[in-house]
Amino acid sequence: MSVYQCSVCGHIELKGIPEKCLVCRAPQSAFQEAPDALKRAADPANPTEAEQKHIPKIVVVPDCGLLDNCTDVHIKVGEIPHVMTPEHYISYIDAYINEDFISRIWLSPAGCNAAAGLHLKASSGKFTAIEHCNQHGNWIAEVEL
Ligand SMILES: [Fe+2]
């Protein structure tokens with residue numbers, strides 16, 4: 001997996017540099033390779049408390065309750081729920097199918113918990129969530145649908 005980051009809005013692309021940032025429309029030149037921009041558990045079998053508060057937890061619901069032929073994904077940050085205060089909060093969650101960016105979900109600390117849901121057309125493939133904490137950076141998790 002490659003990691004390229006938009007220097008304007010922080011958006012991360014996983015396959016290559018797009019013509020324009022898919023979130024903020026900044027030009028190609030705003031992207032830089034950023035291998036250290038994503039955080040994971042140093043030891044996945046024994047995550048630290050900080051890691052447990054930041055690594056997205058993805059729950060796949062194969063049968064959508066709203067639409068036919070729809071796969072739901074519920075994303076919460078993290079195993080220990082992250083706080084949502086004006087000083088410390090999850091500002092967005094970016095979502096990817098097979099490493100192609102599909103959605104950014106903005107979260108306001110005033111009105112949102114550190115969680116989001118999406119209704120996917122895809123019923124198979126790799127789903128990736130990258131959350132951004134305003135104090136602790138970008139954390140990634142992946143699941144097979
Ligand atoms: Fe945090």
Leaving out same-chain residues fewer than 8 places away, which lysines sit with a Cα under 18 Å from that of K53?
K39, K76
For the chain, build the charge dipole from Cβ charges (+1 Lys, Arg; -1 Asp, Glu) around the Cα centre, then report which of Y89, W139, P27 sits farthest towards its positive end.
P27
What are the residues whose amide H is under 5 Å from the amide H of I102, where those residues sit 5 or more places off or on another chain and H is modelled from the backbone?
A95, Y96, I97
Let me know the charge dipole size of the chain about its Cα centre in debye, to the nearest 20, where only the beta-carbon of Lys, Arg (+1) and Asp, Glu (-1) is charged.
280
Could I have the simple spin-label model distance between C112 and E19, label points 7 Å from Cα toward Cβ, reported in nm to one decimal?
2.8
Let's see if you can work this out: charge +1 on each Lys and Arg Cβ, -1 on each Asp and Glu Cβ, no other charges. What is the dipole magnitude of the range 61-118 about its Cα centre, in debye to the nearest 20?
220
Global geometry of the range 1-129, whether rounded, prolate or oblate, following the gyration tensor of its Cα atoms and the 1.5 cut on a/c:
rounded
In nm, to one decimal, how far is the H119 label point from the H88 one, both placed 7 Å along Cα→Cβ?
3.6
Net charge of neighbours whose Cβ lies under 12 Å from the Cβ of K53, counting Lys and Arg as +1 and Asp and Glu as -1
-1
If I model a spin label as a point 7 Å beyond the Cα along the Cα-Cβ vector, how far apart are those points for D68 and S7 in nm?
5.0
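Read the figures in this text as sums done on the coordinates, not as results from a lab. These figures come from a predicted structure and were not determined experimentally. Cβ coordinates were reconstructed from backbone atoms using ideal geometry, including for glycine residues, and neighbour counts include every protein chain displayed.
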